[in-house]
Structure formats: C-alpha cells, structure tokens
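The values are calculated or read from the model by the stated rules, or taken from the named source; none is laboratory data. Bear in mind that the values here come from a model prediction, so they are computed numbers and not experimental data. Note that each Cβ is placed from the backbone with ideal geometry, even for glycine, and that neighbours are counted across all protein chains shown. These area figures cover heavy atoms from the full protein model, side chains too; ligands, DNA and RNA do not enter into them. Shrake-Rupley method; radii C 1.70, N 1.55, O 1.52, S 1.80 Å.
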Amino acid sequence: MDIPSKYDPRGAENKWHRYWLEQGFFKSVPDEREPYTIVIPPPNVTGVLHMGHMLNNTIQDILVRRARMLGKNTCWVPGTDHASIATEAKVVVKLKDEGINKSDLSREEFLRHAWDWKEKHGGIILEQLKKLGASCDWDRTSFTMDEKLSESVIKVFIHLYNKGYIYRGVRMVNWDPQAKTAVSDEEVIYKEEQSKLYYVRYKIVGTENEWVTIATTRPETILGDTAVCVNPNDRRFLHLKDKKVVVPVVNRVVPIIFDDYVDMEFGTGCLKITPAHDENDYEIGLRHKLDSIDIFNDDGTLSEKAEHFIGEDRFKARIFMVNVLEKNENLVKVEDYINKVGYSERTDVVIEPRLSAQWFLKMKELAKPALDNVMNDNIKFHPAKFKNLYRHWMENIKDWCISRQLWWGHRIPVYYLPDGNFVVAETIGEALEKVKTEFGRTDIKEEDLKQDEDVLDTWASSWLWPISLFDGINNPDNPEIKYYYPTNDLVTAPDIIFFWVARMIIAGYEFLGDKPFSNVYFTGMVRDKQRRKMSKSLGNSPDPLELIEKYGADGVRVGMLLCSPAGNDLLFDEILTEQGRNFSNKIWNVFRLIKNWKVDHSEIQPESSKIAIEWFENLLNKTIKSIDSHFSKFRISSALMEIYTLIRDDFSGWYLEAVKPAYQKPIDSVTLEKTILYFDSLLRILHPFMPFITEEIFQLIEERKPSESITISEMPTSGKYNKVLLASFNETKEIVAAVRNIRQEKSIANKEPVKLKIITKEDNYSGGMIPIIKKLANVSDVSFSSTTENGEITFMIKTTRYSIPLGSVIDTELEKKKLEDELKYHEGFLKSVMKKLGNESFIENAPAKVVELERKKQADAEEKIKTLKEQLETLA
C-alpha cells in the first residue's frame, strides 16, 4: 500500500463526513437498545460559528461518539433558535439598506421578509458545525418556529394561563430602546461605569430662599419627578412635613413625602421620586399614591410629557438638562461616581426602567420541583459549584416578563373583543367559540377580534426544547418522547443557567413530570491568553473555520480540550491547536511505521517483544479504566490527556521502540499482530476526540467492508491489570533513561553498546525486564557484582545501584580533564559565594530572601563538587 508521507486533513474530513452521512450512521429511531440523547443548545439563527460553539459542540460530539461506540442508540438533535430580538434587528437593517422602513410594512409583509432572510442565512452555523465533525442526526434538524414546535409553545401558554400562572399587568420592566421591547431581568447585563452624580436643589414652596438638595445620576428624569422623599427618622428634615417643592425646569409643584426606604447616608438624604422610570420609585409611588409621568418614547427619545427637549435622545437631553439647571442656578455641584448601569444583553444599549403593560408568568410555585431535584442531585451539575448559584436564583426567583414588543416570534394567543375583554385560544376560530360560550356574544365575528400584537420571549420556546423536539407537548404519549426523554446530558455555558437551564428543568417537571436531562456539563468561557473575553472589537477571536483550514478539525478539537477543565475559563492559545495538529502527524507517522514493517512468519518472537506486549496489555487496561472514570465524572480534558500520553509517550516512545525490528530486518508475525491490535484499540479510544484521522487510519490499516466504520465499532473495555508488572516496567524506564543520560553526558554514541553492572546479588534481583533494558539502552551485557571499580559511572534507581564501565567506550584522560576543569570552576564559584556569606554586613542588611538564595547556591555548589570528585575517583 502506498501510504502518503503526510496526513491530509482537508481531504479526509470531506471524504469521511460525506461517507458517515451516506451510510446513515448518525440516524436514530427508537429500538431495543439503551438510548443516549443530547439536544444541541440551539444557536441563534443569526449566528456564525465562534470559539464558544467550537468548544461546546466538540464536547457534545465526544460524548455522543463515545456513547455510540458503547452500543447505545445515540440521538443528537441539532437545530436553531429564532432569536426574536437579534433576528428582527438584522431584518430591519437589511430592509433599511434596501430603502424600506419597518413602519411602512404590515406585520404580514415584514414577516415575509423575515422568513426569506431565515431561509437564506439560517442554516449557515449548522453547516459550519458539520466541518467540525458534529455527528448529529441531521434529518432531525429543527427550528424553534417550526410548525410542531410553535404549536407546543401556544399550547403551553394556554395551559399556564388556565392554571392561573400567566397574567397581564402594568409593571416596571426593563425597556430596550433600540429593540423597542421589554426584556427580562436575566437579559440585563450590569457594567460598572465611571458616572457623574449631580446635586440639584429644589425650592421649598412658600419660602424666600429655602431649598432641598437631591443627588441623581440621571438629571434628565427630573422632568418626570412627582415627589421628593426623605426618611421619617432623619431629624434634618422633620420641619419639611406637609411642605412642597418646585421641580426645576418644569416648575411642577410636588409634595415632600416620608418613607423608610430612603438611605439617610446616601447623597443628601433627599431622594427625587420618578415613579415612571425607577423600580424603587415606582413602589414608593404606589404606597403614596403619586402620579406617574412617562417622559420617554419607545425609542428612548423624550416624549411630549417631558415638556422639554421633546424628540431628543435621552443622553443628549441629559446634557441639555445639566446646562439649563446650571443656568437656572439649580445645579449645586457635580461629583465623579462609580455605579453599575444595566445594558441589554441583546443590543448592548442602556436599559430604561419603564412602566409598561406586559404578560408575566408566575414562577415561585413552578420553580419548587426544579430547585429540589438539582439540590438532591437527581439532576447533577458538573462542576457541582454551580448548584449554589442556581439555588440562589431559584430561591429568589421573580415573575418572568414573557411578552416582547416585536413581530418576529410566537404571537401571544390572546384575542381582544371590541369592549376590551379577551379570550385565550390556539386559533381565531377557537377564540370565536370561546367568545360565544364565555361572554354570550353571538354577534361577534372573526374580523371583530384583534389578536395581541406582542410575541413571546424567545426563551418561552427554547425552555421546551428537550420536550418539543420529540413532540412531547402535542402528543405526550408518542413513542419518541417515551424513548428519548429524559435526555441524558446537556452541555452548555454557565451564563445561560437562568435563561435556559433552570427554565428547561421547570418545564420538564411542569409538563412531563420528569427531569429534562440527568447531567449538566458547564463549559468555561473561551478567553485569550491575557484572560480577556474574546470579541471582534478586541480582535482576539480567531475564526474557527480558518483554524480548521490551518490545523485540521481534529487538531482544533484537541487544542480546545487541552486547556478546557469543566466550568473554568479556557485560555485559548493557537499554539495548542498546533499541538493538536502535531499529534495528528505523530499518529500518522506511527501508522506508517507499523504498516511499512515487513513480516517473516518464520521469525521467532524476541523476549523483549514478549515483555513489551505483556506490559502494554496491562497498561492499556489500566488506562481504559481511568478514562472510563474520567468520563463518569465529566473530566473530558483529563480523559483526552490519558489517551494522548498513552499514544505519544507509552505506545510511540516505549512500546514501539521495544518491539520494532532491527534496521532492514523483518518483524515476527505474533508481535506485528499484537501491535496492530493495540493500535486499533488506541484508535477506537481516540475516535470520539479525533474522528477524522482515526477513521482514515481505521480504513487503511485493514481491508474493510463499505459498512464498516470506526464510528460504529466497539469501544474497548477494561480488563484486569498487574500493578506489580506496571511498577516494574516504570522502574525499567528509569534505568533506560539513566543509561541514555550517561551516554549523552559522556558523548557515547547510541549505536555503541555498553555494559551494565547491577550492584547486588543475582538472587536478590528480578531480572524479568533485562531483555527490555538491553534492547532500549543498547546494553550488550548485564552482570551482577557486589562492588564497583575505578572507571565506572554509577547511578541509583530506587534502592539498587547500577554502574557502567567506561574504559572501553570513552577516552579516560580526556574525560578526567573535562571533569577537572568543571571541578575548578565550581570550586571558584563556591569560594565567591562563601566570601559573600562571610560578610557580616551582607548577612545583617540584605533581605532574607537574598541571603536564602546565596545559601542555596552554596548547597548546590557543594553537592556538585562532591559528585565531580566521586566521578574523578572512578577514573583514577
């Protein structure tokens, strides 16, 4: 067989992925086997592959491929999320580029554009995942707005509404002025910023020159003030009871109120109250029955109710407001101030607290089983440290604002009558029937009903993902949901533990009475070497497809995992993907070496090969057991390191060296057969991590049928292993390494045989490994003696002394001269150190660490001098 000198990852990756798909190895239907199910965290339909996707999907693929080789019926379901805010924003930009404004379109016209965009761009990321080697059941590819999944979302809304969990109310929400929609608390990212604290004075009504001063970071919201509040326990302001103040600029007269909420130590102790634009102010406003003045439009510009700066952006209005306050002599002072500002997770604009009529889902009752079943480890978190974070959030869970002021998404199934009453129904036809039965309105026609304009939060569909993918909402008793649910493992990032993980667990117990998965593996965040988050703006985020092009998919997969402990951030360095590629080349060279050996069936198996085979059999069994343990604990990187070192160090560095035939000599058939068998086992263990190169070699190392593939082959299982034998071989490695070091130190060529003396009685020494020592250290003779002689170099391994007679392999006089020169240098160095340590001034005044370092230099030099003198004695 003509084996190429270099492995071609690009050719192999295209060939084998196509072959796997054609053979249907990734397809799954329920059968008698144990199922192993993973649902992909659906990437946004707007997305392209980034390093986080690479890490997450590599780990998923490893788990799925391993389960497949363990004989399980694997079902890895891919799909994408409709991502309401992100997708609508993309479509709006696209339309603007075409000279079309969203406001000029009807809902139906806009949605046609959105679906066109989705069909054109929506599958990009899934195609990219195929290049990584993702072994999904691609025939099951789903989208959160597919018909069955959409039906599930609507059914769930109605189910929860009928149980009294969903309600509509005016509440303070997080308003995204760019997306023009409410977002949930979990979608707000708080950033610490250097801000300004403005001290503004309000004149007390009925006085000549009395004022109260408030402090605010948002002076533009003064235009919506309806009170000033002080703490009833603050003696400084007791005289202000029943007084009123004039709000600057708008000249609105508002009351001074008293409430325990006010922190007497913050600012001036006086708090401006703007019920429409601050959550705490809103609560105070309810208690004191204050007016609420919304001064902002949907897009964050000032509304007519602001009376000033109408139509200006809120941040421009802030500048204008400060200028007017200063001009009117209301601005007392401005201080630098560090505070946390909420940003929209989707659009990265500053969130505006705003009163809005929204739909909410009560969460407290729903969350109880989801909390209990994580805390009792019915659902296990890996690493377990995330349980505390989860518990804190679940114990303090708030009602979920599930409505969004968008067009792209699942439209809320609420239909309004002309009089403001409403019904909740799956279709307008069902809504009409409900209108007749619930309100007795037989006069109402379909065209009289108006469906709610809002759509549901994107997460209100993806929280059903493990259920709706198998149609478990619409048909809870269907064969697929019974077979595949609960799924086995979820691989995700900790930053969506609340958005998604917690809500899926809640949904599982509410709708199917069971957990959605048994294990959650939290990956870390991919950062650069400087621990910075990867981003386009920093230019520190490599293109995963370019990495695959450069290093091969297997190389990138290995590189990602070499620095990826569960739950901890991954410090990515491209040198690791290079290391992964080099490992691919190492495996390929091992394959070429074995495949190019000539076999002689009459050749007798050497003793060294017998010992090496027995050793590697035991080591392989021990390593398989260790890898199994790592996988059971989700230590994926540790499992990779086990097989990595087994192949690179033990198989390539020790086993092959022990069994390879002499130059241009044939190998015996027994050793070759065993070697191929071991290499085959190593390929199978490695396959989940490096699917492409392992398939390439698997197909070349032996003749295969078209239906034979490593991806559906059997994973090797662990057998018994002899700890004493493994320890003995490890000791043998140390002996060989010591002989090789002496060769290097004494410039003895590797091809030059040496003799080895073991300084002990032969009866006291187990000589089982001597053939290995002879082969790997090129030792011509091994003898036993009770003493060493001049001209020998000695070394200790464990409690046994060994020596190598040097007389016949080195120039003794030249070696003596070399050692004497080295001794003279170290004696001179020791003299300079002792001079410094003999200086009392140095000892008294130098830092303790410096003195300690000099003492260490003394000890090292004395040890080296002792060794050199001993070596010179042996040459005397």
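Computed packing ranks the peptides 313-320, 770-777 as 770-777, 313-320, most packed first, by mean other Cβ atoms within 10 Å.
For Glu745 and Glu34, what does the FRET efficiency come to when R0 = 60 Å and r is the distance between their Cβ atoms, rounded to the nearest 0.05?
0.55
Estimated at the nearest 10 Å², the accessible area of Ser632 is 80 Å² with a 1.4 Å probe. Rounded to the nearest 500, the 222 nm mean residue ellipticity of the chain from helices alone is -13000 deg cm²/dmol, with -39,500 (n - 2.57) taken per DSSP H run of at least 4 residues. Of the listed residues His826, His288, His82, the order by accessible area with a 1.4 Å probe, largest first, is His288, His826, His82. For Val39, neighbours were defined as the other residues whose beta-carbon sits under 10 Å from its Cβ, and their charges (Lys and Arg +1, Asp and Glu -1) total 0. 3J(HN,Hα) couplings calculated from phi for region 359-371 with the Karplus curve 6.51 cos²θ - 1.76 cosθ + 1.60 (θ = phi - 60°) are, in sequence order, 9, 10, 10, 5, 10, 4, 5, 5, 6, 4, x, 5, 6 Hz; Gly and Pro show x. Assuming charge only on the beta carbon of Lys and Arg (+1) and of Asp and Glu (-1), the dipole of region 241-307 about its Cα centre is about 500 debye to the nearest 20. Approximating the spin labels as points 7 Å out from Cα along Cα→Cβ, the Phe439-to-Glu192 distance works out to 5.4 nm. Rounded, prolate or oblate, given the Cα gyration tensor of region 311-467, with a/c below 1.5 counting as rounded? The shape class here is oblate. Between Phe784 and Asn582, what FRET efficiency follows from the Cβ-Cβ distance if R0 is 35 Å, with the result rounded to 0.05? Calculated value: 0.25. Among the listed pairs Lys755/Lys831; Lys118/Lys155; Lys118/Lys385, those whose Cα-Cα separation exceeds 29 Å are Lys755/Lys831; Lys118/Lys385.
DSSP bridge analysis restricted to the chain gives an antiparallel fraction near 70%, rounded to the nearest 5.
How would His53, His687, His601, His159 rank on accessible area, largest to smallest, probe 1.4 Å?
His601, His159, His53, His687
For region 146-159, putting each phi into the Karplus relation 6.51 cos²θ - 1.76 cosθ + 1.60 with θ = phi - 60° gives couplings of 4, 4, 5, 5, 5, 4, 4, 4, 5, 4, 5, 4, 5, 4 Hz, in residue order, rounded to whole numbers and with x for Gly and Pro.
Considering only Ile40, Gly11, Ala83, the residue lying farthest towards the positive end of the dipole of region 1-93 is Gly11, judged by Cα position with unit charges set on Cβ. Within the shell defined by Cβ-Cβ distances under 12 Å, the residues around Pro771 carry a net charge of +1, with Lys and Arg each +1 and Asp and Glu each -1. Here's the picture: a label point sits 7 Å out from the Cα of Asn376 along the beta-carbon direction, and within region 508-522 the residues with their amide nitrogen under 19 Å of it are 508-520. Stretched out straight at 0.36 nm per residue, the stretch from Glu708 to Ser518 would grow longer than its current Cα-Cα span by 65.2 nm.
A simple spin-label model places the labels of Val334 and Glu446 6.0 nm from each other, with each point 7 Å out along Cα-to-Cβ. When the chain is described by a simple charge dipole with +1 on each Lys and Arg Cβ and -1 on each Asp and Glu Cβ, the residue from Asn162, Ala612, Val350 located farthest towards its positive end is Ala612. Taking Lys and Arg as +1 and Asp and Glu as -1, the other residues whose beta-carbon sits under 12 Å from that of Asp569 total +3. Straight-line cross-link partners of Lys15 among the lysines, defined as a Cα under 19 Å from its Cα and at least 8 positions apart when in the same chain: Lys6, Lys27, Lys130, Lys131, Lys550, Lys705. With R₀ fixed at 60 Å, the C-beta to C-beta distance from Arg168 to Ile3 puts the FRET efficiency at about 0.30. If you sort Ser602, Ser28 by accessible surface, 1.4 Å probe, largest first, the order is Ser602, Ser28. Remark on Ile667: its backbone amide H falls under 5 Å from those of Lys598, Val599, Asp600, a criterion applied only to residues 5 or more positions apart or on other chains, H modelled at 1.01 Å from N.
Each Lys and Arg adds +1 at its Cβ and each Asp and Glu adds -1 at its Cβ; summed about the Cα centre, the chain shows a dipole of about 2100 debye. Computed with a 1.4 Å probe over protein heavy atoms only, the accessible area of Ile676 comes to about 40 Å². Each residue, Lys327 and Arg10, gets one label point 7 Å from its Cα in the Cβ direction; the gap between the two is 6.6 nm.
The share of accessible area on region 755-838 that comes from carbon and sulfur is 50 percent, using a 1.4 angstrom probe.
Listed cross-link partners Lys733/Lys757; Lys836/Lys857; Lys529/Lys849; Lys665/Lys746 are compared with a 19 Å cut-off, the Cα-Cα value being larger for Lys529/Lys849; Lys665/Lys746. Per-residue Karplus couplings for region 703-709, computed as 6.51 cos²θ - 1.76 cosθ + 1.60 with θ equal to phi - 60°, are listed in order as 6, 10, 7, x, 8, 8, 8 Hz, Gly and Pro entered as x. If you take the Cα centroid of region 765-843 and the Cα centroid of region 445-461, the two points sit 86 Å apart. For the chain, the solvent-accessible area with a 1.4 angstrom probe is 47 square angstrom per residue.
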